[in-house]
Every structure is written in C-alpha cells, then in structure tokens.
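Here's the structure, in structure tokens; my notes come after.
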C-alpha cells in the first residue's frame with residue numbers, strides 16, 4: 001500500500017490502557033490488530049493506525065494512500081476514542097489543528113428523473129456538478145435522505161475530527177447503495193432500488209416518491225471496487241445486481257465472467273452490458289421467499305447450452321431473441337457452491353432445459369481468480385441498505 005497522507009495526534013484520558021483495549025476489542029473483527037506492551041498497530045484495507053501509550057496519553061499516527069481515506073480513518077478513530085472513554089473525560093488534539101467542517105466525500109445532488117426498469121426495480125437519476133468524484137474509489141455510496149418537507153441539514157466535521165450528524169426533526173435516513181451508471185458528460189448518476197413490500201423501507205419509499213428537484217446527500221464512494229482479475233465469478237440476488245452490473249461493465253475485454261443472479265421471475269431480468277466474454281444464468285424464485293428455496297438446479301445436458309458470446313456495449317435490438325432462463329432457485333450456500341458446477345468459462349451464455357440435478361459442493365476459488373457471492377434476502381427491511 002502506497003502511503004501518501006498522514007495525520008498524528010494524541011488523546012488524554014485517566015485510563016489509557018482501558019481505552020486502547022476497548023478499541024482493539026471492538027475493531028478486532030474488522031481490521032488486523034497487533035498489540036504490544038505499549039500500544040497497538042491496526043491495519044485496514046485503506047490505511048494503518050499506530051497507537052502508543054506514553055505519559056498518560058494515547059498517541060495516534062495514521063497513514064493512508066489518499067486524502068479521502070485519511071479523513072475516513074481519522075473520523076473513525078475520533079469516534080472510537082470518545083466512545084471508549086465512556087463517562088470519563090477525554091480530550092483529543094490533532095497536530096494539524098482543528099479540522100475543517102466540510103466533509104470531503106459529501107455531495108448534495110438533485111433528482112432529475114425516476115423510472116421502473118423492472119416490476120420491482122426503480123432507477124433514480126440524480127445530477128451532480130462533480131460526477132468524476134464518484135468514478136473512482138469504490139462502487140458504493142451512502143444515501144442521506146432528509147425528512148420530507150424540511151430544508152436539509154447536512155452533516156459536518158467537528159474540530160476533533162468526529163462527524164456531527166443532525167438530530168431530532170432534522171435527522172437523516174441513511175442507506176447504502178451501489179451507483180449503477182455514471183454519465184460524466186451529463187453529470188448524472190443512476191442508482192437502482194429494489195422495491196420491497198412493507199412499512200419500514202425508507203430507501204425504497206423515497207425512490208418511489210422521488211421527483212425532479214428533490215435534494216439528497218451522497219457520501220462516498222467507498223466499499224469494494226471492480227476486481228483486477230481475468231476469470232471472475234459473481235453471484236447474488238437482485239440486491240447485488242447493481243454491483244454485479246458495475247463490475248461487468250468495468251471488466252476488460254480480455255476477461256471471462258460467469259454470472260449467477262437470483263430474481264423473482266423472468267420479468268425481473270435485466271440486460272447487462274459487458275466488453276468481456278460473459279455468461280449469465282438467471283435464477284427464478286417463482287413466488288418463494290428470498291433465501292428459503294434451498295436448492296440449485298444446473299443443466300445435465302450441456303449440449304443444450306448456448307456458447308458464450310461477448311456482450312454488446314448497449315441494450316440489444318428489440319428483435320433479439322433472449323435465451324430462456326432455466327435455473328429455478330438457489331440459497332446462499334448453493335450460490336457459493338455453483339462455481340464448480342457450472343460449465344467451464346467460454347462454453348455457456350445462459351442455461352436452458354434444466355434438469356433436477358442438484359449442484360455439488362465445491363471450492364469456487366479454485367476455478368476463478370476473483371469470486372464474489374452476495375446474497376441478501378430481500379425480505380430484510382431495516383438492515384441499513386435497501387439495494
């Protein structure tokens with residue numbers, strides 16, 4: 001990891017050892033923690049944090065490849081330090097002084113349009129003066145939805161590095177989404193929303209009611225990006241489809257992609273653009289709840305499988321015949337196992353005439369140098385993401 005941006009500071013607290021132990025314990029499941037007699041080293045995907053205790057202080061040194069990553073880790077560490085302090089007083093000072101109030105990765109955007117692209121997927125288009133900002137650094141953003149009928153109050157940075165979030169009547173609803181498409185010429189971003197049934201679905205509800213001129217906030221981008229790999233297997237349900245589509249669109253022409261997507265029925269299938277060779281298999285639940293079907297069907301007669309073809313750069317002609325969907329359903333475990341059950345890369349575009357053969361278990365990572373299985377039951381309403 002190239003280190004180009006650094007920050008340092010110190011925190012004072014009556015019990016520095018307890019604060020350090022609390023932070024290491026809380027973050028241990030998410031980052032690599034190496035403890036020593038005088039402190040700890042934390043290694044994350046976006047930077048490193050060194051904490052050392054001396055003279056009643058916790059000295060913090062942060063190193064990151066980009067300014068945006070540095071801001072993210074600095075604000076995270078500030079939150080962790082104050083949270084670990086509990087009821088005892090803690091003071092935090094950064095060497096470069098009080099932090100600016102502007103959040104570098106925050107942008108206010110405005111809705112310019114919304115439409116249904118399938119019976120249960122709605123695409124909202126927003127305009128921004130800085131679309132280039134979202135083209136690198138990850139596929140995902142946090143959508144900040146202000147209360148209906150109120151002037152938006154956006155978050156800002158406190159002098160100690162913590163993010164101040166509006167509260168009370170100005171509190172924001174925050175959900176994570178994947179940017180499906182970026183139009184750098186028009187300055188437009190497209191975000192797809194799975195339309196759930198139920199009451200506690202604020203992201204989907206906002207998408208259904210979005211009108212031109214509505215203002216929302218975006219923080220990011222972040223999360224994973226498109227893989228640098230030649231042989232790629234991606235699997236997921238409709239909540240993962242925007243990320244799958246972005247990865248497909250970004251894949252180099254020399255790559256080979258195997259895609260497995262579970263949706264309700266054929267009406268929920270989408271055209272997916274890709275420069276590389278690819279094979280898409282659509283899985284239909286046909287009325288069964290997401291995540292409950294428990295089986296995966298794969299073709300037993302591979303002579304009936306169409307050959308892999310390169311994708312078009314855009315939607316197909318209206319008279320293009322689509323290969324019929326064949327696979328009935330899959331659980332998360334079956335999706336993971338299916339990489340070893342599907343025909344080899346280069347031999348299938350879309351399965352048809354499926355038999356009742358159940359996919360055998362296997363290790364998909366032995367066949368592909370990038371393998372991602374994303375499966376989030378669309379019946380989960382309040383998990384912080386309505387994708």
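Values in this text are rule-based calculations from the coordinates and carry no lab data. Remember, it's a predicted structure, so these values are computed and weren't measured experimentally.
Taking Cα pairs under 8 Å and at least six residues apart, what relative contact order does the stretch 231-284 come out at, in percent? Provide the component values of the computation, followed by the final result.
Working: 90 pairs, mean separation 22.0, N = 54.
Contact order relative to length: 41 percent.
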Let me have the relative contact order for the stretch 5-94, percent, based on Cα pairs under 8 Å that are six or more residues apart.
-> 40 percent
Roughly speaking, what is the centre-to-centre gap between the stretch 249-292 and the stretch 76-99 when only Cα atoms are used, to the nearest Å?
-> 45 Å
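Restricting the count to DSSP beta bridges whose residues both fall in the stretch 231-284, what percent are antiparallel, rounded to a multiple of 5?
Working: 0 of 15 bridges.
So the antiparallel bridges amount to about 0 percent of the total.
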